[in-house]
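Please read the structure below before turning to the comments.
No lab work stands behind these numbers, since they all come straight from the coordinates. What you are looking at is a predicted structure, and each value in this text was computed from that prediction instead of being measured. Cβ placement follows ideal geometry from the backbone for every residue including glycine, while neighbour counts extend to all protein chains displayed.
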Amino acid sequence: MPEQDGNIAQAVLAAIRDGEIEVHYQPQMTADGERMVGVESLVRWRGPDGKMISPGNFIPAIENDAETICALGLYVLRQACEDAKAWPEITVAVNVVPIQFTAPGFVGSVRQTVLAAGLPPQRLELEILETSWFEDPQKAVQIIAELRALGISIAMDDFGTGYASLGALMQLPLDKLKIDSSFVERSHELRSASIVHSIIALARSIGLRVTAEGVETREQQRFLRTAGCHSLQGHFFSEAVPAAEISVMLAGEGKNIRRD
């Protein structure tokens, strides 16, 4: 893979064109682990040699390149909407980076993509970062309102890691919070456990649903269930897998997914 950022951007655009970009999906489970309620879409790049290139090796290089990151984001959204048609009982979440979220015509491109795929918009969830709000709160509120008017849900990803989370909650018309995996990883520590409890209590008090990500152990699953999380995701249940494997999991009523 090219080492210069400009070369990486061109390589990513070529990978989209050549069908090397894949979308995998990580299940989101009910807190008891009994049922899949959604999936998060995660991008993967399979090089010409068949080897996977980690997102960490190319996303940071293009996240401020509007043309490339928007093209990649739209590709993932289209693929996720197409794949999700085979899973009528669950939602599909797609990550949106700040530069894509605030790009001109973003809402229109989402609307067109959902309509073209024939996916009920109520089954699509867009995950945004707090920084999408920080620079222009008024614009962010307007964009979210337009998306929700279409029936699309909005989740704030990595909640608790930014500098103005409470301010965002006061202004943004959100549907869900996602607790960052760093808190889940340290949930055995009193401080982190207290923060998780506080986030969940706050979210539920204002009518938001809560998903915790990065669940790796049975102990974490039990803690988060008791704390009041609505849904969980992480390697304890399943890593991100190709769309066909999600279909198999759903057909088997969760038999391929780890649970108590």
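What percent does the relative contact order of the stretch 15-173 come to when contacts are Cα pairs within less than 8 Å and at least six residues apart?
Across the stretch 15-173, relative contact order equals 17 percent.
Under a GNM of the chain (C-alpha, springs under 10 Å), which listed residue has the highest mean-square fluctuation: P121, P48, P173?
Maximum fluctuation in the GNM of the chain, among the listed residues, is at P48.
Can you list the equivalent-ellipsoid semi-axes of the chain, largest first and in whole Å, using the square root of 5 times each Cα gyration tensor eigenvalue?
Equivalent ellipsoid semi-axes, largest first: 27, 23, 19 Å.
Taking N as the number of residues in the stretch 19-148, what is its Cα Rg relative to 2.2 N^0.38 Å?
1.09
Give the peptides 192-201, 212-221 in descending order of average Cβ contacts within 10 Å, highest first.
Taking the mean over residues of other Cβ atoms within 10 Å, the ranking is 212-221, 192-201.
If each DSSP helix of 4+ residues adds -39,500 (n - 2.57) and the sum is divided by the residues in the chain, what number results at 222 nm, nearest 500 deg cm²/dmol?
-13000 deg cm²/dmol
Would you mind telling me which residue in T211, T226, T30 has the biggest mean-square fluctuation in a Gaussian network model of the chain, where springs connect alpha carbons within a distance under 10 angstrom?
Most flexible of the set in this elastic network: T226.
Can you count the Lys pairs in the stretch 5-251 with C-alpha separation below 25 Å, eight or more apart or on different chains?
Values: K85/K176; K85/K178; K139/K176; K139/K178.
Counting lysine pairs in the stretch 5-251 gives 4.
Given H placed 1.01 Å from N in the peptide plane, which residues other than close sequence neighbours of T91 have an amide H under 5 Å from its amide H?
HN-HN under 5 Å from T91: G38, V39.
Report, for the stretch 5-251, the % of DSSP beta bridges that are antiparallel, rounded to 5.
The antiparallel fraction comes to roughly 40 percent.
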